[in-house]
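Note sheet for the following structure.
Any read-out appearing in this document is the output of simple, stated calculations on the displayed coordinates, not a laboratory observation. Because the structure is a prediction, the values reported are computed rather than measured. Glycine also receives a Cβ, built like all others from the backbone with ideal geometry; neighbour counts cover every protein chain displayed.
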Amino acid sequence: MVPEKEELEDLSEEESEEEEEVDPAAPLRQPIVAVLGHVDHGKTSLLDYVRGTAVVQREAGAITQHIGATEVPFETVSKICGPLLREGTTTLPGLLFIDTPGHHSFATLRSRGGALADLAILVVDITEGFKPQTIESINILKQQQTPFILVLNKVDKLPGWRSRKGSFLANSANQSSMATQNFQTRLYEIIGELGNHGFDSALFSEIQDFQKTIALIPTSVKETGEGVPELFMILMGLAQRYLRGNLLLDDGSSEGTVIEIKEEKGLGKTLGVIIYNGILKASDSLIIGAQPEPIVTRVRSLLRPKPLDEIRDPRQQFDAVKIVGAAAGLKVVAPDIEGVVAGAPFYSASNVDEVDEALDKLSDSMKSNVKCTDEGVVIRADAIGSLEALAYELSAAGIPIVKASVGDVSRRDVVMADPSEEEYRAILAFNVKIHPDAKTERFETGVEIFESDIVYRLLENYQEWKQKIKEKQAQHLREDFAHPGKFEILEGHTFRTRDPAVVGVRVLGGRIALNQAVLRNDNSAVGHIRSLRSGEDVLKEATQGDEVAIAISNVTVGRQISEGDVLYIEMDERAILTIREAGVKLDPIEEDIISEMQKIKRKDQPFWGR
């Protein structure tokens, strides 16, 4: 049943009974909303629609390359929502959006308390469903416990769907039965995919408790803006109802996060930052997390983009301001900022005591929560947040970590990885450089270094390499231990009867090789294979289907062996156990040969091979 408009309004009017009581007159800051999702699913297009801009068209390849921030004032939100957001139902001054590149985890953006964003929008192309970066985003949102809404974008691409500007609910009532059925099919598939990741979800109009159920909001942000009114109404309602206690405006010194470092003509190096708490003044000192140690510097100027303008690609000149309160995105011009990296935390201070206090807090902020073990891979990342995101994915895949650090890969990292077991002699480097001395050490030691700015790709590349290591180890086992093998002596193919006996054989299964012992089906071992030939070619081994001549020592044809006999390669019981433990893959015929050998051996040894 589709709810009435008044039912939707309840979300922005009611206070949660479980929410801590907050002075209703207390001023609130605008919530920080992160926009995430797979490449080209419509993250930047959503904000372009709201801003009336075309940032996405100015990006390289129409893909977001840097983190951006846009303030959307309440007046714009109210205009978008129209009658869905009644006057007086919210005291929020607007929304601050962070647009993250599809190839870069927003986990690099941290506040001192954890995730920088108060809320998140996960954009999914309804016609494509979940993609690798969708799953990566879900894992990070889960890890950082960030509440989120899932936007089902590109609803206009569904067969038969007629998209119109405005409310999704109003427009969905006028669709054909075919279009409705197509929509319902995709909706239920995505609900199922979210369920696989541990989330209950439903179409936003069918949700009773938004704290327990992820809201799905269909949109068409590039074509008509269909569904955007409901999206903004839900965002404002969730923030007002459930996050109000976290949005109280603090009038103390500011706390924030660096989102990018950029060279600006006429200004030099600048910091793109998000202030998530407190107030930053143009007269303040800045204490910034950096490598190898924190930086204390002075603000030269604060440059704030105009409302609805984009911090990374503004259409208009920034406004020079003297004071900025949270939450806000702005450019900061300051000297001596070498060593600052994206994702670094910063604090402002107006006196020496506040500087000392900020340095103490910064020390805590620069520590990661990565658990290291005595053995595992070495990981490096450009920021603590991305380091923890990478560690989270490795932990989920059961891959231990011996060392985790922020910054470029050093020679010491290679030395640390070198003594490890072969499958752990690797360094995973997320969005960082490799020092020249580390490259030299790498070639001398053979330690593998994987580089990428996509977490899941690092993991995939490492796992592919690890699988090759296991296959190589399995091949060594095949060479070091007797392998299952079964062969038949061909009729009329005795070339020498003894010293050694030379006979023609057909390999019925598995492998026969030099120096392997030969076993009869009465459990008696007879001789060893001294040579294998095929015509004039000397062989090391022969496999199923091959017909070759072999020389067998210490036997005489007609006595220990005869034409037509089916013989086996003798296997040590420990060799079978070793092959099993190492995960060497045997084909069904090889497994049958081992079963036949077990029957032969158990006539004398009942528990052989168990």
Label the range 255-365 by shape, choosing from rounded, prolate and oblate, from the square roots a ≥ b ≥ c of the eigenvalues of the Cα gyration tensor; if a/c is under 1.5 it is rounded, and otherwise prolate applies when a/b is larger than b/c, oblate when it is not.
prolate
List every DSSP H helix in the chain whose Cα atoms extend 15 Å or more along the helix's own long axis and whose mean Kyte-Doolittle hydropathy is at least 0.5.
228-242, 384-396
According to a simple spin-label model (label point 7 Å from Cα along Cα-to-Cβ), what is the distance in nm between THR127 and ARG412?
5.2 nm
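For GLU421 and ALA525, FRET efficiency with R0 = 35 Å and r from the beta-carbon atoms, rounded to 0.05? Write down the numbers at each step before the final one.
Numbers: r = 36 Å, r/R0 = 1.02.
So, using R0 = 35 Å, E works out to roughly 0.45.
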The extension gain from SER350 to SER283, computed as 0.36 nm times the residue separation minus the Cα-Cα distance, is 23.4 nm
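What number, rounded to the nearest 500 deg cm²/dmol, is the helix-based mean residue ellipticity at 222 nm of the chain, given -39500 (n - 2.57) per DSSP H run of at least four residues and division by all its residues?
It lands at -9000 deg cm²/dmol.
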Given charges of +1 on the Cβ of Lys and Arg and -1 on the Cβ of Asp and Glu, with all other atoms neutral, how large is the dipole of the range 367-503 about its Cα centre, in debye to the nearest 20?
40 debye
Please state the shape class of the range 161-229: rounded when a/c is under 1.5, otherwise prolate if a/b exceeds b/c and oblate if not, all from the C-alpha gyration tensor.
prolate
Around GLU421 (Cβ within 14 Å, Cβ-to-Cβ, excluding GLU421; K/R +1, D/E -1) the net charge comes to -2
Determine which lysines satisfy two conditions relative to LYS601: a Cα distance under 21 Å, and not lying fewer than 8 residues away in the same chain.
LYS486
Computed from the coordinates I sent, Cα extents along the principal axes in Å equals one of (i) 74, 57, 51; (ii) 101, 54, 51; (iii) 105, 64, 44. Tell me the label.
(iii)
Cα-projected label distance for TRP465 with ARG300, points at 7 Å along beta-carbon direction, nm
4.1 nm
Anything over 30 Å Cα to Cα? Flag those among LYS43/LYS468; LYS212/LYS262; LYS131/LYS466, in the order listed.
LYS43/LYS468; LYS212/LYS262
So if we plug the beta-carbon distance of ASP546 and GLU596 into 1/(1 + (r/R0)^6) with R0 = 22 Å, what FRET efficiency do we get, rounded to 0.05?
0.65
What distance in nm separates the two pseudo spin-label positions at ASP604 and LYS165, each 7 Å out from Cα along the beta-carbon direction?
9.1 nm
Which lysines have a Cα less than 21 Å from the Cα of LYS371, not counting those fewer than 8 places away in the same chain?
LYS142, LYS403
